[in-house]
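The values are calculated or read from the model by the stated rules, or taken from the named source; none is laboratory data. Source: prediction; values computed, not measured. Positions of Cβ are generated from backbone atoms using ideal geometry, with glycine treated the same way; all protein chains shown enter the neighbour counts. Ligands, DNA and RNA are excluded from the accessible area calculation, which covers all protein heavy atoms including side chains. Shrake-Rupley method; radii C 1.70, N 1.55, O 1.52, S 1.80 Å.
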Amino acid sequence: MMKLDSSSRTAFQPGELWPDTHGVPINAHGGGILFHAGTYHWFGEHKIEGEAGNRAHVGVHVYTSRDLLNWTDVGIALAVSDDPASEIVRGCILERPKVIHNRATGKFVMWFHLEPPGRGYAGARSGVAVADAPTGPYRFLHSLRSNAGVWPLNVPDELKRPLDATEAAALAALDLPGGPRPYYPKHAIFRRDFAGGQMARDMTLFADDDGTAYHLHASEDNGTLHISQLSDDYLRPAGKYVRLFPGRFHEAPALMKWRGRYFLFTSDCTGWAPNAARLSVADSLWGPWEELGNPCLGPGAQIANTFESQPTFILPVAGRPDAFIFMADRWRPKNAIDGRYVWLPLRFLHGVPVVEWRDRWDLGFFDRPDLNHS
């Protein structure tokens, strides 16, 4: 086990190895942060060495911190199973875990992208787990395809019909590898999946100010994003969802709310290879949504691949209404455990969040008078 300097961190160093308080590199990829009772909880995929690390061999790791710089390893929040009948058996794909607290039930609810072993990304399911304490242990409840038997709110009535036999055969004949194709059938796949439920791959969770929670995920073979309201207990879809940007191929969603507006960071669909980030905005989660372009500023080579990273979460800094951190991952599929974390501060330029590279920074950045919160 690699050991690094375990002395107290005083600054963020994006892309560098980040040790926990015991000097071991933090192992929480594709992660998200829960702030609860004065403590930040960082959940992420636990990776192992080599290409095997792209599958789940351990589970979801959790770390805690009070300053966002120094993280204590609290262990495995959700462990994979050795039972071959389990949906989260060792060797499954378990990605982008996110946790939110349900104030009404008192439970901590985790959602993640789940694929059974041996099927690649064809399952496109969401796993749900629950715990009584933020660090767990989490108990796996079920997996699902979202919104079975429900039509999206924002499609015309003429599209609210399942595929007929001819349409289904034509769709089945297409090669849909999860990336852009000129022949992508942007209004067919959600109709194909109406009865069995909608696909969900890259995902995040978002709890709004009123406590209503939402599941945002890449769907329809990655070609279209969905925003789906969750049930009051956060354990299932509520049967209310919209489609975003059909045929535009967004993934890696990360959502924030600032001054009443919603900003959605995403990436293009290029596998493990980084690409230019995208930013979209809306006054309501239900839309309409507008694409604004690349939120990154700086040299072209850097912003063309989002500083060699892909978004995973936007972290609101507790007690600072205008302070947000862009969290992203540098994936290393040939040696998954060597993936790095790119955390950068957001600033606002004419009312829009932007990301700029910084080799080293601390939370004092948000005290600067030139952040232009206009």
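For the peptides 51-61, 7-17, the ranking by packing is 51-61, 7-17, with the highest mean count of neighbouring Cβ atoms within 10 Å listed first.
Out of every Cα-Cα pair that the chain contains, those further apart than 39 angstrom amount to 11 percent. Calculated from DSSP H runs of 4 or more alone, at -39500 (n - 2.57) each and per residue, what is the 222 nm mean residue ellipticity of the chain, nearest 500? -1000 deg cm²/dmol, from helical runs alone. Quick check on region 1-50: take the gyration tensor over C-alpha atoms, sort the square-rooted eigenvalues as a ≥ b ≥ c, and tell me if it's rounded (a/c under 1.5), prolate or oblate. In terms of gyration-tensor shape, oblate.
For region 89-144, the square roots a ≥ b ≥ c of the C-alpha gyration tensor eigenvalues yield an a/c of 1.5 or more together with a/b exceeding b/c, which makes the shape prolate. Normalised by the number of residues in region 315-374, the average gap of Cα pairs under 8 Å and 6 or more apart makes the relative contact order 27 percent.
For region 298-352, the square roots a ≥ b ≥ c of the C-alpha gyration tensor eigenvalues yield an a/c of 1.5 or more together with a/b not exceeding b/c, which makes the shape oblate. Using only Cα coordinates, the Kirkwood hydrodynamic radius of region 256-374 works out to 15.0 Å. Between the listed residues LEU279, HIS36, GLY127, the Cα displaced farthest toward the positive end of the dipole of the chain, a dipole computed from Cβ unit charges relative to the Cα centre, is found at GLY127.
Cross-link check: pairs LYS186/LYS240; LYS47/LYS186; LYS160/LYS240; LYS186/LYS334 evaluated at a Cα-Cα cut-off of 23 Å; pairs beyond the cut-off: LYS47/LYS186; LYS186/LYS334.
Of the residues THR266, THR21, the one with the largest accessible area comes first in the ranking THR21, THR266, computed with a 1.4 Å probe on protein heavy atoms. Taking amide H atoms as placed 1.01 Å from N in the peptide plane, the amide H of THR312 lies under 5 Å from those of MET327, ALA328, ASP329, each 5 or more residues away in sequence or on another chain. Based on C-alpha pairs under 8 angstrom that are at least 6 apart in sequence, region 8-158 has a relative contact order of 17 percent. The relative contact order of the chain comes to 14 percent, based on Cα pairs under 8 Å that sit 6 or more residues apart.
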